[in-house]
Amino acid sequence: MRLINAFKKLSINKWRYIFWIIGLIMFVAPFALLTRLIYFTIGNIYPPDLHGICFRMPFEWIFSGRIFYLFQYPIMFGTVILALIIAFVLGPIFCGWLCPVGAVSEALSRIIPFPYRLRIKDTSITRSLRYGFLAGWIVISLLIGLGYIGISSICCRYCASSVLQSLVDAISSSTVLYWHSGSIIVLIFWLIIGGVFTVGGRAWCIMFCPLGAMSGLFHSLGAKLGFYRTIRRNNVKCNNCDICMKVCPMWAIDSNKSIDRTLCINCKECVKRCPNNAFTMVWREIN
Amino acid sequence: MLKKLRIMLTFILAASYAPMNYLIYCNLTCLSCPLGGFCPYPIIIFLVMIIKFGRKIRSIISKILWKKDIFI
């Protein structure tokens, strides 16, 4: 009982950290419980690991016109569609609460003290990095679909999910999956430069994740209909201490304390850490 | 105006990453690499990162050195 009370009193974003662990157990082998459950239900197809449910390939299939793959891999398609629907209605909470890739890099980023970590302060620059990459990625997907580029996928060349799975496999079963130049870059950028040495540790999510970028777009599109849960700042309570800027893992809060909806993942770090309780989570009202 | 130019330039640079990735990528696994691990690909990315964040990295290093009083 005392433990439960102590847990309730914790001012940190405790439920989010619990969901990180749930996300790891659900998607990453040797557990991969969600993948195992789906495979158990429909019959085993592939080894149950993070590769079993890819969060990015369905987008590439759509943009390259290979729609028939979506019927061939309904689990991947279903997961991505579900994540987008949730992003549209409730905000991109899959990215903030369940995604194991972002969870690992964000957890690692807490090792280094704040002054020694990098971040881009201007949200418009962060946004242009994110959607610039998405634009280039869509162009390459289109070229693959039109047959101008003779490769099967661009996603696998910078996939942080496969690197995470390879790392976990190397630790848990001493097996080494495929490593190539792309995975080394991802390992350096996702976990070291973009993870440990950036504020929030989600530089890879911000810049290179198509699901994250699409969820952000759906989030801001959902805002137009006005029924998603969002974070609102109380100008009266705010004393410009900048703690929200320092704790936001997506660099979505700029120096004017305005929140960029295309970057925000509804992680509630600003809500929990603000000393003046200036941020609250509310259902958005239609103006 | 300058800010818009910066945003556009960032957008173009970010948009060029996926095509660059396609051009640079060698299609080999590291175990079968003829260069024996001396891969130019991470070096290129490292150089880009150092150019982008050089000033910040320098200030971080100087902060670390100053805090730990290495020079005293």
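Between segment A:105-138 and segment B:4-33, the C-alpha centres lie 17 angstrom from each other.
Over chain A, calculate the relative contact order: mean separation of alpha carbon pairs under 8 Å at least 6 apart, over the residue count, as a percent.
Computed over chain A, the figure is 23 percent.
In summary, the helical segments of chain B meeting the span-like criteria, namely a full DSSP H run, a Cα extent along the axis of 15 angstrom or more and a mean Kyte-Doolittle hydropathy of at least 0.0, are B:2-15, B:40-68. The calculated 222 nm mean residue ellipticity attributable to helices in the protein assembly as shown amounts to -17000 deg cm²/dmol, summing -39500 (n - 2.57) over DSSP H runs of n ≥ 4 and dividing by all residues.
Amide H to amide H, with H built 1.01 Å from N, A:LEU118 comes under 5 Å of A:THR198, A:VAL199, counting only residues 5 or more places away or on other chains. Quick check on segment B:2-68: take the gyration tensor over C-alpha atoms, sort the square-rooted eigenvalues as a ≥ b ≥ c, and tell me if it's rounded (a/c under 1.5), prolate or oblate. Cα axes put segment B:2-68 in the oblate bin. The Rg/Rh ratio of chain A, with Rg taken over Cα atoms and Rh as the Kirkwood radius over Cα pairs, comes to 0.97.
Against the longest alpha carbon principal axis of chain A, how many degrees, from 0 to 90 and to the nearest 10, is the axis of helix A:160-172 turned? With both axes taken from Cα atoms, the answer is about 80 degrees. Using label points projected 7 Å from each Cα along Cα→Cβ, tell me how many nm separate B:LEU47 and A:LEU221, to one decimal. Those two pseudo-labels are separated by 4.0 nm. Suppose R0 equals 51 Å. What FRET efficiency, 1/(1 + (r/R0)^6) with r the Cβ-Cβ distance, do B:LEU2 and A:LEU108 give to the nearest 0.05? Using R0 = 51 Å, I get an efficiency of 0.90. Electrostatic tally near A:CYS209: other residues with Cβ closer than 15 Å to its Cβ, Lys and Arg +1, Asp and Glu -1, net +3.
The calculated FRET efficiency for A:ASN235 paired with A:MET281, based on their beta-carbon distance and R0 = 22 Å, is about 0.85. By how many degrees, between 0 and 90 and to the nearest 10, does the Cα long axis of helix A:100-109 differ from the longest principal axis of chain A? Between the helix axis and the principal axis of chain A, the angle is about 50 degrees. This ranking places A:SER166, A:SER215, A:SER173 by how few other beta-carbon atoms lie within 10 Å of each, fewest first, which gives A:SER173, A:SER166, A:SER215. Spacing of the modelled spin labels on B:SER16 and A:TYR148, each 7 Å from Cα toward Cβ, amounts to 1.7 nm. If you plug the beta carbon distance of A:SER124 and A:ILE18 into 1/(1 + (r/R0)^6) with R0 = 30 Å, you get a FRET efficiency near 0.30.
Rounded to the nearest 10 degrees, the angle from helix A:210-225 to the longest Cα principal axis of chain A is 50 degrees. Spacing of the modelled spin labels on A:ASN256 and A:ILE42, each 7 Å from Cα toward Cβ, amounts to 4.6 nm.
We did not get these values from a lab; they are worked out from the coordinates using the rules stated. As the structure is a prediction and not an experimental result, all values here were calculated from the model. Quick reminder, even Gly has a Cβ in these numbers, built from the backbone with ideal geometry, and neighbours come from all protein chains shown.
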